[in-house]
Structures are given as C-alpha cells and as structure tokens.
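Supplied in structure tokens, the structure appears directly below.
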Amino acid sequence: MNALARPFSVAAEARLSSADLPKPETLIRIEDLTKVYDPKEGPVLDGISLAIGKGDIHGIIGRSGAGKSTLVRCLNGLVAPTSGRVLVSGREISSLSGAPLRAARRDISMIFQHFSLLSSRTAAGNVALPLEVAGVEKNEIRRRIPELLELVGLSAKVDAYPSELSGGQKQRIGIARALALNPQVLLSDEATSALDPETTEQILALLKDINRRLGLTIVLITHEMDVVRQIASHVTVLEHGKLVESGPTFDVLAFPKSQVARSFLSSIVAHDLPRQVSERLRPSPAPGSSPVLRIVFAGQAAHEPVLAALVEQFRIRPNILHGRIDYIDDKPLGVLTLVAAGGTPTLPGVLAYLSSLGLHGEIVGHVL
Ligand SMILES: Nc1ncnc2c1ncn2[C@@H]1O[C@H](COP(=O)(O)OP(=O)(O)OP(=O)(O)O)[C@@H](O)[C@H]1O
Ligand SMILES: [Mg+2]
C-alpha cells in the first residue's frame with residue numbers, strides 16, 4: 001500500500017461504518033415546499049423535501065438567487081410557503097401565526113451577515129434584548145449575560161458598544177444574543193461572509209464548539225464550499241429553487257452528482273493549486289498543451305493503481321502538480337492534480353476509466 005492510499009482506505013472504512021450508525025432523530029422536516037413571490041417569475045423554491053437531524057450542522061449552498069435565504073426564512077416563519085409544510089420538533093411552523101409563531105421562533109434563532117446589532121446598546125445590552133422581549137426577570141437577565149458572553153469568548157467586552165468591536169467580535173455578540181433563549185436551532189444566513197478568512201475560521205470553530213457543547217442544530221447558508229467543508233456534517237445544494245443534491249458532506253464532496261456541486265467542489269481545489277500553476281491554466285486546449293487532470297480519491301477505489309493505469313493503458317506521462325488530503329467532517333478525502341502529458345487524445349477514455357472505478361476525474365484546464 002503506498003503512502004497516499006492508506007488514508008483513503010480509512011475513508012472507505014469510515015464510510016462503511018457511518019452507514020451502519022442509527023439515523024439521528026429528525027428535528028426539521030421540510031415537505032414539498034414551494035414558494036412563489038411573483039407568479040410571472042415562477043417558483044423561487046420548487047418542491048423541496050429535506051430532513052435535518054437533531055445536532056447536525058447542515059450547510060445550504062447555492063449561487064446567488066438560488067433560494068437559500070427564502071428556504072431558511074421558511075424555517076422560522078419569516079416567509080410563508082406557497083405550498084408544502086415545514087415542521088420543527090414536530091410543530092408545523094408553516095401553519096402558525098401570531099403568539100404561537102412568536103413562541104416557536106424562540107426555539108429557532110438566527111444570525112446574520114451584517115450582525116444586526118443595536119448601535120445604541122452595549123454588548124451586554126444587545127445580548128439582553130431577546131431576554132427582555134421574552135419578559136425574563138431582570139435578575140435572571142443579569143445572571144445570563146456573563147454566561148452568554150463567556151460562551152462566545154467575549155467576557156471582556158461586556159460594556160463595549162458595537163462601534164468599538166471588530167467584525168468577528170460583533171458576530172460573537174450576534175451569536176450570544178441568538179443563544180440567549182436556549183434555542184434548539186440556530187439559523188445562520190451568510191454569517192461569515194463579511195469577515196476575513198482568519199476571523200471566518202474562528203467564528204466557524206466557535207459554531208462547531210457550540211454545536212458540540214449544547215447539541216444545537218445549526219442550519220448554515222453559505223455560497224462558499226470551504227465553509228461547508230470546515231464545519232457542516234451535511235450539505236444541501238440548491239439551484240434555481242430546486243434541491244439538486246443533499247447528503248453527508250463527505251459523500252457530496254467526494255462523489256458530487258450534480259454539475260453545480262461539482263463546480264462548488266472545484267472552487268475549493270482551485271484555491272489549492274499553487275498560484276504558479278493556476279496562473280498558467282487556460283480554459284481550452286492549444287497546440288502543444290496538455291490537460292490538467294484532477295482526481296478525487298475516496299472509498300474502495302483508492303486501492304486501484306490509478307497512476308500505473310494512466311501510464312500503461314493510456315500512455316500518459318503524469319506530472320504531479322499538487323496533492324492533498326482534506327478532512328471533511330473528520331474523514332479524509334484525497335485530491336490529486338496532475339498534468340496528463342500526452343493525454344489529450346485519450347482523455348474521454350481516462351475519464352470513463354476513473355468513473356468506472358467510482359473516482360471523480362475532471363479536467364480543470366490546460367497548460368502549455
Ligand atoms: N421578498 C421577496 N419578494 C420578491 N422576490 C423575492 C423576495 N425575496 C427573494 N426574492 C427573489 O427570490 C429569489 C431567491 O432569493 P433568495 O434571497 O432566497 O436567494 P439566495 O440564494 O439567498 O441569494 P443570495 O446568495 O444572493 O443571498 C431571487 O430571485 C429573489 O429576487
Ligand atoms: Mg441570501
């Protein structure tokens with residue numbers, strides 16, 4: 001077994017064992033959900049059915065306008081579906097209004113891209129807000145604030161105003177405020193999109209920590225597959241209001257079935273290609289160019305001598321550009337990018353061969 005193959009076989013075992021585990025309790029059930037804002041425009045959500053398990057971090061990914069925010073707003077009753085149902089903890093959110101809806105919403109809180117903090121209130125004042133609105137006693141509020149600020153690592157900023165806080169600190173306050181009423185579900189609509197990569201990582205780590213410590217279910221909208229890769233246990237891909245793919249993150253990333261999931265996946269790996277290589281990539285072949293092939297290894301097929309087959313069967317001279325193993329939901333997934341020199345004529349055969357092994361092969365461009 002070569003050095004690269006070992007972790008992939010671990011992946012295969014992990015996949016087998018996860019299939020054997022009992023299914024977690026479903027907390028959110030979406031049944032044939034459709035939303036039409038403007039009949040002339042057609043549905044913004046089109047027949048979505050989805051079950052989200054208790055304690056999952058479920059990523060919703062899709063391009064701008066795919067319907068992500070609309071879907072998540074149907075979960076807390078901010079948007080009323082045109083047809084279909086949304087059940088959270090067995091309660092049909094889509095049929096509630098008035099006081100029962102407000103009561104249900106305490107269980108389903110939300111954080112936002114631009115934090116939505118009140119600038120006239122301190123950190124403590126912002127965190128206190130949902131408690132005040134819910135009529136919680138003053139003494140109890142006083143007791144809860146330090147607890148909540150500690151949970152998000154911001155005890156020192158209790159008296160700071162939003163204007164005195166960094167973006168990451170503001171989002172921590174947003175998270176503390178969202179957790180004030182001990183919700184069962186936290187909805188996050190692009191909560192890290194306004195933050196730099198390092199702060200994004202810290203906020204994602206905080207969300208994962210809270211998910212583990214409190215068993216909180218998180219539904220997280222993003223347009224970045226890297227956010228999904230870092231924390232989501234499950235992912236749903238939306239396109240034009242339709243669910244095009246959904247499942248455990250590892251399975252969707254390792255074996256994307258839809259073109260749109262594949263394009264999100266390539267967006268992760270394109271980042272990984274060394275700049276010197278990505279700058280040389282051209283979208284189409286030119287005289288004398290060679291294709292650049294990316295192979296995703298996971299599951300049993302990792303045992304196959306793929307590189308040997310490329311050389312012997314397809315007469316390719318592989319030149320490895322980049323290889324790495326990522327951990328997705330704590331399971332390894334290997335990606336190898338190589339220049340398939342001499343491979344242009346046999347490419348369809350190579351892709352068919354990889355596909356027959358259950359491997360994902362993709363031409364990411366061409367180099368001279
Ligand atoms: N209140 C509304 N009234 C009418 N149309 C709306 C409304 N809200 C959203 N839409 C339309 O529904 C579609 C989906 O919007 P939505 O905000 O759900 O997409 P999204 O996936 O969250 O996009 P983004 O990534 O840009 O936030 C868009 O075409 C949008 O213009
Ligand atoms: Mg949106």
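Go through segment 319-352 and give me each residue that's touching a Gly at 6+ places or on another chain (Cβ under 8 Å) and more than 19 Å from Val252 (Cβ to Cβ).
Scanning segment 319-352 gives Gly323, Leu336, Thr337, Val350, Leu351.
Also: Is it true that Gly65 is within 16 Å of ligand 2 (Cβ to nearest atom), surrounded by fewer than 16 Cβ atoms within 10 Å (Cβ to Cβ) and within 12 Å of Leu238 (Cβ to Cβ)?
yes
Residues in segment 30-51: is at least one at pLDDT 65 or above, in contact with a strand residue (DSSP E or B) (Cβ under 7 Å, 6 or more places away or on another chain) and under 15 Å from Ser233 (Cα atoms)? Please lay out each step first, then the result.
First, the residues of segment 30-51 that are at pLDDT 65 or above: 30-51.
Pick out the ones that are also in contact with a strand residue (DSSP E or B) (Cβ under 7 Å, 6 or more places away or on another chain) and you get 30-35, 43-51.
From what's left, under 15 Å from Ser233 (Cα atoms): 50-51.
Scanning segment 30-51 turns up at least one residue that is at pLDDT 65 or above, in contact with a strand residue (DSSP E or B) (Cβ under 7 Å, 6 or more places away or on another chain) and under 15 Å from Ser233 (Cα atoms).
Can you name every residue in segment 316-365 that is surrounded by 15 or more Cβ atoms within 10 Å (Cβ to Cβ) and among the basic types (Lys, Arg)?
Once the filter is applied, which keeps residues that are surrounded by 15 or more Cβ atoms within 10 Å (Cβ to Cβ) and among the basic types (Lys, Arg), segment 316-365 yields only Lys331.
Continuing with this model, one more query. Does segment 191-204 include one or more residues that are farther than 24 Å from Met225 by Cβ, at pLDDT 95 or above and of a type in the set (S, T, N, Q)? Walk me through how you get there before you give the answer.
Going through segment 191-204, the residues farther than 24 Å from Met225 by Cβ turn out to be none.
No.
Let me ask something else. Within the bounds of segment 93-113, is there any residue that is within 16 Å of ligand 2 (Cβ to nearest atom) and either outside the structural domain of Leu187 (by TED's automatic domain parsing) or out of contact with any Gly (no Cβ under 8 Å at 6 or more places or on another chain) (or both)?
Filtering segment 93-113 down to residues within 16 Å of ligand 2 (Cβ to nearest atom) leaves 110-113.
Right, trim to either outside the structural domain of Leu187 (by TED's automatic domain parsing) or out of contact with any Gly (no Cβ under 8 Å at 6 or more places or on another chain) (or both) and you get 110, 113.
Yes, segment 93-113 contains at least one residue that is within 16 Å of ligand 2 (Cβ to nearest atom) and either outside the structural domain of Leu187 (by TED's automatic domain parsing) or out of contact with any Gly (no Cβ under 8 Å at 6 or more places or on another chain) (or both).
Which of the residues spanning segment 103-148 are under 16 Å from Leu186 (Cβ atoms), open to solvent by less than 50 Å² (accessible area, probe 1.4 Å) and in a helix (DSSP H, G or I)?
Answer for segment 103-148, where residues must be under 16 Å from Leu186 (Cβ atoms), open to solvent by less than 50 Å² (accessible area, probe 1.4 Å) and in a helix (DSSP H, G or I): Ala104, Val127, Pro130, Leu148.
Among the residues of segment 1-18, is there at least one that is at pLDDT below 95, more than 19 Å from Gly334 (Cβ to Cβ) and open to solvent by 20 Å² or more (accessible area, probe 1.4 Å)? Don't jump to the end; show me each part of the working.
The first filter runs over segment 1-18 and keeps only residues at pLDDT below 95, leaving 1-18.
Now restrict to residues that are more than 19 Å from Gly334 (Cβ to Cβ): none.
No, every residue in segment 1-18 fails to be at pLDDT below 95, more than 19 Å from Gly334 (Cβ to Cβ) and open to solvent by 20 Å² or more (accessible area, probe 1.4 Å).
Within the set of pairs 6+ apart or on separate chains, which have a first residue in segment 59-85 that is closer than 15 Å to Glu224 by Cα, a second that is of a type in the set (Ser, Thr, Tyr) and away from ligand 2 (no atom under 11 Å from the Cβ), and C-beta atoms under 6 Å apart?
Pairs found: Ile60/Thr236.
Additional query: Pairs, please: C-beta under 9 Å, at least 6 apart or cross-chain, first residue open to solvent by 60 Å² or more (accessible area, probe 1.4 Å) and in segment 22-51, second among the acidic types (Asp, Glu)?
Pro24/Asp56; Ser49/Glu31; Ser49/Asp32
Could I ask something else about it? Is there a residue in segment 325-341 that is small (Gly, Ala, Ser) and in contact (Cβ under 8 Å) with a residue 60 or more places away in the chain? Working first, answer last.
Here is the first cut: in segment 325-341, the residues small (Gly, Ala, Ser) are 334, 340-341.
From what's left, in contact (Cβ under 8 Å) with a residue 60 or more places away in the chain: 334.
Checking segment 325-341: at least one residue is small (Gly, Ala, Ser) and in contact (Cβ under 8 Å) with a residue 60 or more places away in the chain.
The values are calculated or read from the model by the stated rules, or taken from the named source; none is laboratory data. Quick caveat, the model's predicted, so the values are computed rather than measured. Note that we place each Cβ from the backbone using ideal geometry, even for glycine, and neighbour counts take in every protein chain shown. Heads up: the accessible areas ignore ligands, DNA and RNA and are worked out on the full protein's heavy atoms, side chains in. Shrake-Rupley method; radii C 1.70, N 1.55, O 1.52, S 1.80 Å.
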